Each structure stands twice: as structure tokens, then as C-alpha cells.
1. For the stretch 99-109, how many residues meet the condition of being closer than 12 Å to residue 121 by Cβ and either surrounded by fewer than 19 Cβ atoms within 10 Å (Cβ to Cβ) or touching a residue at least 24 places away in the same chain (Cβ under 8 Å) (or both)?
2. When the residues of the stretch 56-93 are filtered to those that are more than 17 Å from the chain's Cα centre (by Cα) and among the small types (Gly, Ala, Ser), which remaining residue is nearest to residue 135 (Cα to Cα)?
3. Please verify whether the stretch 97-119 includes one or more residues that are under 17 Å from residue 139 (Cα atoms) and at pLDDT 95 or above.
4. Return yes or no: is residue 53 among the charged types (D, E, K, R), modelled with pLDDT of 95 or more and touching a helix residue (DSSP H, G or I) at 6+ places or on another chain (Cβ under 7 Å)?
5. Could you please find all residues in the stretch 140-179 being among the charged types (D, E, K, R), free of Cβ contacts under 8 Å to residues at least 12 places away in the same chain and in a loop (DSSP other than H, G, I, E, B)?
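The values are calculated or read from the model by the stated rules, or taken from the named source; none is laboratory data. Bear in mind the structure is a predicted one, so any value in this text is a computation, not a measurement. Counting neighbours? That spans all protein chains shown, and the Cβs are built from the backbone with ideal geometry, glycine included.
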Amino acid sequence: MTTTDSRLQCALAAIDAANQADPNLEPFGDERLPKEYAYSLHMTRWLFELESDPSERMQIACRAQHIERWTMPRKDYPEGRKAYYQWRQACGRMHGRRAAEIMASCGYPPAECERVETILTKRELRKDADTQLLEDVACMVFLEKYFADFYEEKAEYDRDKWLRIVRRTWGKMSPRAHEAALRLAEGMPAHLLALLQEALAGGSESASGSTA
């Protein structure tokens, strides 16, 4: 194994170990895994679906997208949209900091650690290809694994709010991710497919959605 491979495996293993401490469990195939560990595996799978030969930094960023998120629960912030985005931004900063710390401990140079930290804070979304790829991967994971449960959980939302959520999510995605999402939609439950079709027929928005 080369030094580069060793650094990457060190970082991924450390991120996995951190996320395996999540006390919350969710189904993953025939198993129940720590929630953020399961999420990180979905992120890695979709990264390779969208990018056949992803860089080391993108493999690390996708694996660390929600690293230790359970330590910063949404309930610690007030209700409301403004507080929700404050929580999201705080999570992004924490995820970036933790990923950078792990990378440094595995021998990555400071510039590469800082690069991954920037990607995870999503400050350069739409301007930076790596940040856009991370967002594409997160959106695909949301649509495939969490959209249906989220829809049931938020049954009180009216149709217009659901259309806004779908359009915002769609608006954050690149054309490459749009193509993947349309293929994925073919296997969605009929009510979700109808929602997606109605949302796209009415246009998309560029504001943040519910995937980070």
C-alpha cells in the first residue's frame, strides 16, 4: 500500500469509527447500523455513482458529510427557518473542522485539510466543482433513502410546501445529478413521483433545501 493509500484509509477508518459511535440506529439492508455511519456509506456509494474516479478529498468529504452530527441536535436551536439555517451552518463548520483534524492526524498537509473543511462548509456552492459534487451526492442520498420517510414524518405540510422543498432541492443540483435523479424517480412510490413531476413542471428554486 502506498503512503497516499495509507493516508486515505487512515482518514476513512477514523471517520467511520467516529460515526459508529452514533447511538441512533437505522435500517441498512438486513442490518441496523448507527445512523450517521449508514448515511456515510450511502454518501460514498453515490459519490462513486456520480464520479467514477473521485479524488481523495472528495472521498473524505462525502464520508464526513454528517460526522458526529448527533452531538449537535436540531432541538438545541429554536424553532423557525432562521434558526434551522443557523443550525445547518453550525453543523457544516463542525463537520469541516472534525474532518480537517482527522486528516491532519493521518498525515495530510494543511492545505488539503483546509480544502476539505471548505468543501464541507459549502461556502462555495455553485462556484466550486468539489462543493457542487458534495451537494449532488447529498441530494441523491436524500431522494433515495430519506425522502419517503421525511414525507411521512412531515404529514402536516401542505402541497405547496412540499413543492417548494422539492424545487429547492432540485435547484441545488447540477445537470449530472438531475439526470441521475430522474432515473431514480422511476422507482419511487407513485405519490412521490407525482410530487416530483408537479414540482418540476412548475420550475425550480435555488434556495437551500433539506439535504445537508
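1. Our first condition is that a residue be closer than 12 Å to residue 121 by Cβ; within the stretch 99-109, this holds for 99-100.
Next, from what is left, pick out any that are either surrounded by fewer than 19 Cβ atoms within 10 Å (Cβ to Cβ) or touching a residue at least 24 places away in the same chain (Cβ under 8 Å) (or both): 99.
Qualifying residue count for the region: 1.
2. Within the stretch 56-93, the match that is nearest to residue 135 (Cα to Cα) is 83.
3. Checked against the condition, which is being under 17 Å from residue 139 (Cα atoms) and at pLDDT 95 or above, the stretch 97-119 yields at least one hit.
4. Values: among the charged types (D, E, K, R): yes; modelled with pLDDT of 95 or more: yes; touching a helix residue (DSSP H, G or I) at 6+ places or on another chain (Cβ under 7 Å): no.
For residue 53, the condition - among the charged types (D, E, K, R), modelled with pLDDT of 95 or more and touching a helix residue (DSSP H, G or I) at 6+ places or on another chain (Cβ under 7 Å) - is not met.
5. Answer for the stretch 140-179, where residues must be among the charged types (D, E, K, R), free of Cβ contacts under 8 Å to residues at least 12 places away in the same chain and in a loop (DSSP other than H, G, I, E, B): 154, 156, 158.
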